[in-house]
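Taking it in order: structure first as structure tokens, then the write-up.
Only the coordinates and a few stated rules stand behind these numbers; no lab work does. Nothing here was measured: the structure is a model prediction, and the numbers come from that model. Here the Cβ positions follow ideal geometry from the backbone for every residue, glycine too, while neighbour counts run over all protein chains shown.
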Amino acid sequence: MAKPLEIDEVWSSRIVNSVNGLEYGTVQIVVHDGRIVQIERTERKRFESEVALREQQVVEARHQGNRRKG
């Protein structure tokens, strides 16, 4: 039977710090013999295509123009 996992304040803080600021990715918690021994953070960066960026710039420019008129 597996040992119950105990998470102290130090590991809890480490886990929260690993997740903070993560927009796309994963956080894996490695457990050995019922104890956390490692935290792995894999972050992904997503980049929009040039077409999508241009479309976004057009929408933002229109939005700014409408705010100036009103």
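Quick check: residue separation of residue 2 and residue 38 times 0.36 nm, minus the Cα distance between them. What number comes out in nm?
Details: separation 36, 0.36 × 36 = 12.96 nm, distance 1.81 nm.
Working it through step by step, the gained length comes to 11.1 nm.
I'd like the orientation of helix 50-69 relative to the chain: the angle between its Cα long axis and the longest Cα principal axis, in ° from 0 to 90, rounded to 10.
Helix 50-69 sits roughly 60 degrees off the main axis of the chain.
Would you mind getting me the FRET efficiency between residue 60 and residue 22? Use the beta-carbon distance for r and R0 = 25 Å, nearest 0.05.
Numbers: r = 26 Å, r/R0 = 1.03.
Once rounded, the FRET efficiency stands at 0.45.
Count the net charge of all other residues whose Cβ sits under 10 Å from the Cβ of residue 28, scoring Lys and Arg as +1 and Asp and Glu as -1.
Values: positive: 41; negative: 40.
It works out to a net charge of 0.
Would you kindly work out the equivalent ellipsoid of the stretch 9-69 from its C-alpha gyration tensor and give its semi-axes, the square roots of five times the eigenvalues, largest first in whole Å?
On the way: eigenvalues 362, 43, 5 Å².
That gives 43, 15, 5 Å for the three semi-axes.
Against the longest principal axis of the chain, how steep is helix 9-19, in degrees 0 to 90 to the nearest 10, with axes from Cα atoms?
Orientation of helix 9-19: about 30 degrees from the principal axis.
Are there any GluC sites (Glu not before Pro) in the chain that are in a DSSP loop and have at most 11 other Cβ atoms within 10 Å? List them by number.
On the way: sites: 6, 9, 23, 40, 43, 48, 50, 55, 60; in loops: 6, 23, 48.
Filter output for the chain: 6, 23, 48.
Provide the gained length on full extension for the span residue 50 to residue 31, in nm with one decimal, where the gain is 0.36 nm per separating residue minus the Cα-Cα distance.
Working: separation 19, 0.36 × 19 = 6.84 nm, distance 4.24 nm.
2.6 nm is the gain from fully extending residue 50 to residue 31.
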